[in-house]
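Following: one structure in structure tokens, then a few remarks.
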Amino acid sequence: MDAPPPLQKPLTLEIVGKSDTLCDLKRHLAPRTVGIILRSLPLEGNAHKLGDSITYIETAVDSGMERARTMFKRGDVAFLPSSGGICFFARDMSAKTMTPIGRLYDPGILRDVKPGDVLRLYAA
């Protein structure tokens, strides 16, 4: 009998050539979306920034909205279905409706990200 999938999966978020941190994708937050993302790893893309609050990458991940919310805390990781974006929050804020999927261990590294930097998300 196969073991059940873990409730959270540690991943590495790397700012290529600069730094990295661990993050957890948590299945209990959005089981379908987290499963699709984990099967799509590794993911890589150019960094986009929305002010100093959100850093994100666009991906080809296709998953609808799941357990949506608009309030996020510093360190949260969320999925934006309209663009396949994986968003990393540098501060507490209200944002577009997104699917919460996890947490960054050290959201302080987001200060190092410049638009166009390459972000890579892969199994730790």
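The values are calculated or read from the model by the stated rules, or taken from the named source; none is laboratory data. Since the structure is predicted, the reported quantities are computational estimates derived from the model, not experimental observations. Methodologically, a virtual Cβ is constructed for each residue, glycine included, from the backbone with ideal geometry; neighbour enumeration extends over all protein chains shown. With ligands, DNA and RNA removed, areas are computed over all heavy atoms of the protein, side chains included. Shrake-Rupley method; radii C 1.70, N 1.55, O 1.52, S 1.80 Å.
Computed over neighbours whose Cβ is under 13 Å from that of Thr70, the net charge equals +2, Lys and Arg +1, Asp and Glu -1. Normalised Debye scattering of the range 12-54 at q = 0.13, 0.31 Å⁻¹ gives log10 I(q)/I(0) of -0.39, -1.10, counting only Cα atoms as equal scatterers and leaving out solvent.
Counting only protein heavy atoms and a probe of 1.4 Å, the accessible surface of the chain is 52% carbon and sulfur. By the Stokes-Einstein formula, at 1.306 mPa s and 10 °C, the range 58-121 with its Kirkwood radius over alpha-carbon pairs has D equal to 130 µm²/s. Once the Cα atoms are used to define both axes, helix 31-40 deviates from the longest principal axis of the chain by about 70 degrees. When the residues Ser40, Ser53 are ordered by accessible surface, computed with a 1.4 Å probe over the protein chains alone, the sequence from largest down reads Ser40, Ser53.
With protein chains left intact and a 1.4 Å probe, residues in the range 12-70 average 49 Å² of accessible area per residue.
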